[in-house]
Amino acid sequence: MQSEALIGGFKDPAIQSAHAFRSVMEAMARPGTVQEISGAVPPAPMSPAAGAVLLTLCDTETPVYLAGALDCDAVRSWLAFHTGAPLTGPSHCMFAIGAWSDLGPLNAYPIGTSEYPDRSVTLIVECPELIASGATLTGPGIKDKAALSLPELEAFQHNQTLYPLGLDFIFTNGSRLAALPRTTEVS
């Protein structure tokens, strides 16, 4: 188990983390667009896309909550070795990762404060599919409208009403990701 934690990180961290960061930022800037992201080979059940996001955005000062099946020894060891990110519960994390059914309830996560709206959580949702169809998205970064397969609508509609507070979402599947910032309207 220990040797498994030592592999699967970026082979060329400077280049691969820059490419991964660009993919995450493109996804956040253009909600509903599906981006390719690569470079990480985390242990199962974490997807390569989710692994690349965590390698890029987490460090020793970034508390992470692992939900459901992702809260296992292999993922814990891998994340600790490659990022040093401390593991915590939902009320103290900056990133939470898991399947949609394992991440609830959403009111367990910090949504920021009026003084510091940036002190909210980003949820990385591992999805069984990630396609540009389904829910209709409108708002900043979307020319007319976009579409994205979401696990439900109501939670994202409620989240948008909290703006400038609220949660941000990154959806992952295999080597693909898409994002839904709190500014996006979902119908």
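Laboratory data are not the source of any read-out in this text; all were calculated from the coordinates shown. As the structure is a prediction and not an experimental result, all values here were calculated from the model. Virtual Cβ from ideal backbone geometry, glycine too; neighbours counted across all protein chains shown.
Quick notes
- The magnitude of the dipole of region 116-156, with charges of +1 and -1 set on the Cβ of Lys/Arg and Asp/Glu and taken from the Cα centre, is near 200 debye.
- Helix-only [θ]222 nm of the chain, DSSP H runs n ≥ 4, -39500 (n - 2.57) each, per residue, nearest 500: -8000 deg cm²/dmol
- Dipole magnitude of region 28-187 about its Cα centre (Cβ charges: Lys, Arg +1; Asp, Glu -1), debye to nearest 20: 260
- Counted by neighbouring Cβ atoms within 10 Å, the residues Asp168, Asp73 run from fewest to most as Asp73, Asp168.
- When restricted to Cα atoms, the chain yields an Rg and a Dmax of 15.5, 49 Å, respectively.
- When the chain is described by a simple charge dipole with +1 on each Lys and Arg Cβ and -1 on each Asp and Glu Cβ, the residue from Pro42, Ile111, Gly141 located farthest towards its positive end is Gly141.
- Sorting the segments 135-145, 54-64 by their mean number of nearby beta carbons within 10 angstrom, highest to lowest, gives 54-64, 135-145.
- Paramagnetic reach from Glu61 (point 7 Å along Cα→Cβ, amide N under 17 Å) across region 68-101: 83-87, 93-95
- Over region 145-187, relative contact order from alpha-carbon pairs under 8 Å, at least 6 apart, %: 39
- Using C-alpha pairs under 8 Å with a sequence gap of at least 6, the mean separation divided by the residue count of the chain gives a relative contact order of 24 percent.
- Each Lys or Arg adds one and each Asp or Glu subtracts one; over the other residues with Cβ under 14 Å from the Cβ of Asp71, this totals -2.
- Put a dot 7 Å past the Cα of Lys11, heading toward its Cβ, do the same for Asp73, and the two dots end up 2.9 nm apart.
- Compared with the dominant Cα axis of the chain, that is its longest principal axis, helix 73-83 is turned about 90°.
- Gyration tensor (alpha-carbon) shape descriptor, region 1-84, a/c threshold 1.5: prolate
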